[in-house]
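**Student:** Quick one: structure below, then a few questions.
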Amino acid sequence: MSNADPFPPRRVAVIGGGPAGLFAAERLRAAGLEVDLYEAKGSPGRKFLIAGKGGLNLTHSEPRPQFDSRYREQAAAVATWLDRFDAQALRDWAAGFGVDTYVGTSGRVFPVDRKAAPLLRGWVRRLKEQGVRLHVNHRWLGWSDDGALRFSSDHGDVDVHADATVLATGGGSWPQLGSDGAWVATLQARGVAIAPLQAANCGFDVAWTPFFAQRHAGAPLKPVVAHWCDPAGERHALQGECVVSAYGIEGSLIYALSADLRETINRDGEARLWLDLVPGRDETRLLADLSQPRKGRSFGEHLRRQAGLDAVKTALVFETLGKDAGQELQAVVTTLKRLPLRLLRPRPLAEVISTAGGVRLDALDEALMLRGLPGVFCAGEMLDWEAPTGGYLLTACYASGLQAAEGVIAWLAAR
């Protein structure tokens with residue numbers, strides 16, 4: 001008589017070792033399923049580690065429904081994921097590793113030590129202890145003719161049969177860390193609807209003069225107020241900080257506007273952005289300040305003394321108005337309050353923080369299972385949603401990973 005279990009545990013393959021994949025694996029294993037997690041690189045969570053290099057921004061303290069609105073057109077869909085796992089749930093989860101969090105002045109939530117590595121190490125260690133089998137250097141290639149998952153590995157190609165699959169392969173940014181968007185063609189070949197991957201949370205190209213770019217690349221602009229119009233023509237303003245780069249402009253303020261700016265460029269071929277370089281002074285005061293006698297000082301020095309401009313802001317005035325900028329004070333004042341920038345294009349996908357586009361949400365059911373591929377679920381940044389930096393990206397990755405895992409559990413239970 002055989003001692004074999006007549007009902008062996010179901011086996012789930014999770015492809016992708018970022019937060020969405022790791023969190024899906026955690027929930028699946030807790031449900032008693034056999035879980036194999038496949039990671040293309042030599043270790044999981046590489047983008048998670050890099051993102052946390054300057055301080056891991058785990059989530060945001062903004063209350064719902066304002067929190068939900070950060071997901072723009074997909075706010076309603078993402079809200080259903082957040083109903084199951086929101087920002088507070090993420091903080092509570094981190095506390096389970098002994099990682100306490102705090103709310104910064106911007107509302108962003110960080111671990112007290114601000115580090116990503118201890119959290120990731122503890123997470124991976126716990127997953128292994130719970131029985132999740134981790135397979136690194138396994139790059140997903142698609143499916144074989146008999147439906148097996150195909151991987152390339154250090155030991156050659158490998159075929160894997162699973163009862164269900166969670167794809168959490170990331171978007172198309174930072175390809176050196178594993179998210180290279182190679183899955184797009186694989187899924188399109190299976191009839192899955194994919195929105196083109198586009199840059200999100202990105203910098204933009206500006207046609208600086210070589211002199212300006214060489215002298216001021218890397219210089220911060222702070223504080224400034226950005227003024228822009230969204231694709232619907234509605235005007236917006238936001239104060240923050242950004243950075244002049246050799247190619248154009250980047251930084252947290254620009255990332256917050258990037259979706260509107262990108263969509264305007266897609267439609268019009270370019271976008272306009274105006275910067276208030278002196279948000280603490282109005283035009284009347286500036287004109288009075290700059291009308292003071294120069295006493296032999298250069299106009300650049302006059303700007304520094306009378307308007308409080310630093311070197312890069314002063315250079316921007318000359319970059320905009322030319323070397324004879326000081327001859328017309330009203331034009332200078334107008335420029336200081338509304339310095340125009342012509343944005344030519346977003347930076348390439350390989351350079352940006354995250355990507356928009358991906359598997360269209362209407363190609364998935366509410367459990368994040370592909371309608372055309374039963375048993376295949378998707379999670380994380382490979383889905384067609386976007387959010388600004390500030391913890392929103394990471395929160396939705398966790399939440400979608402849980403949503404997909406719960407979908408797998410329910411689907412297998414019904415079979």
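**Student:** In square angstrom, rounded to the nearest 10, how much accessible surface does Asp159 have for a 1.4 Å probe?
**Tutor:** 90
**Student:** Of the candidates Thr209, Thr169, Thr101, which one comes out as most mobile in a Gaussian network treatment of the chain with C-alpha springs shorter than 10 Å?
**Tutor:** Top of the fluctuation ranking is Thr209.
**Student:** Show the residues, 5+ positions off or on another chain, whose built amide H is closer than 5 Å to the amide H of Asp205.
**Tutor:** Leu344, Arg345, Arg347
**Student:** Match the structure shown to one of the listed values (i) 5, 22, 32, 27, 12, 2, 0; (ii) 5, 24, 34, 27, 9, 0; (iii) 4, 20, 27, 21, 13, 8, 4, 1, 0, 0, 0 of P(r) over Cα pairs in 10 Å bins from 0, in percent, computed from it, and give that label.
**Tutor:** (iii)
**Student:** Between Gln188 and Arg415, what is the FRET efficiency for a Förster distance of 25 Å, r being their Cβ-Cβ separation, to the nearest 0.05?
**Tutor:** 0.35
**Student:** Among the lysines in the chain, how many pairs, 8 or more places apart or on different chains, have alpha carbons under 14 Å apart? The partial results should precede the final answer.
**Tutor:** Numbers: Lys47/Lys115; Lys53/Lys115; Lys222/Lys313; Lys222/Lys337; Lys313/Lys337.
Total qualifying Lys-Lys pairs in the chain comes to 5.
**Student:** For the charge dipole of the chain, defined by +1 on Lys and Arg C-beta atoms and -1 on Asp and Glu C-beta atoms about the Cα centroid, which residue among Val14, Thr209, Val136 has the Cα displaced farthest towards the positive pole?
**Tutor:** Checked the options; the winner is Thr209.
**Student:** Cα axis of helix 19-30 to longest principal axis of the chain: angle in degrees, 0 to 90, nearest 10?
**Tutor:** 30
**Student:** Between Val14 and residues 5 or more places away or on another chain, which pairs have amide H atoms under 5 Å apart, with H built 1.01 Å from N, and which residues are they?
**Tutor:** Asp36, Leu37, Tyr38, Val166
**Student:** Restricting to DSSP H runs of at least four residues, report the calculated mean residue ellipticity at 222 nm for the chain, -39500 (n - 2.57) per run over all residues, nearest 500 deg cm²/dmol. Intermediate values should be presented prior to the final figure.
**Tutor:** Working: 14 runs with 144 residues, N = 415.
The per-residue figure over the chain is -10500 deg cm²/dmol.
**Student:** For the peptides 172-181, 102-111, 254-263, 233-242, what is the packing order when you average, over each peptide's residues, the other Cβ atoms within 10 Å and list the highest mean first?
**Tutor:** Working: 172-181: 20.5, 102-111: 15.4, 254-263: 22.1, 233-242: 12.4.
Packing order, densest peptide first, comes out as 254-263, 172-181, 102-111, 233-242.
**Student:** Provide the solvent-accessible area of Lys47, counting protein heavy atoms only and rolling a 1.4 Å probe, rounded to the nearest 10 Å².
**Tutor:** Rounded to the nearest 10, that gives 40 Å².
**Student:** Between the stretch 222-286 and the stretch 366-411, how far is it from one alpha carbon centroid to the other, in angstrom?
**Tutor:** Cα centres, the stretch 222-286 to the stretch 366-411: 32 Å.
**Student:** For the stretch 121-208, what % of the accessible area comes from carbon and sulfur atoms, probe 1.4 Å?
**Tutor:** Working: 1820 of 4000 Å².
Roughly 46 percent, rounded to a whole number.
**Student:** How much of His138 can a 1.4 Å solvent probe reach, expressed as accessible area in Å² and rounded to 10?
**Tutor:** 30
**Student:** Determine the per residue accessible area of the chain with all protein chains present and a 1.4 angstrom probe, expressed in square angstrom. List each step's numbers first, then the result.
**Tutor:** On the way: 18670 Å² over 415 residues.
Ligands and nucleic acids excluded, the result is 45 Å² per residue.
**Student:** Going by amide H atoms built from the backbone, whose H comes under 5 Å of the H on Trp143, apart from near neighbours?
**Tutor:** Arg150
The values are calculated or read from the model by the stated rules, or taken from the named source; none is laboratory data. Since we're looking at a predicted model, the values are computed, not measured. Methodologically, a virtual Cβ is constructed for each residue, glycine included, from the backbone with ideal geometry; neighbour enumeration extends over all protein chains shown. For the accessible areas, the whole protein counts, side chains as well, though only heavy atoms, and no ligand, DNA or RNA atoms are used. Shrake-Rupley method; radii C 1.70, N 1.55, O 1.52, S 1.80 Å.
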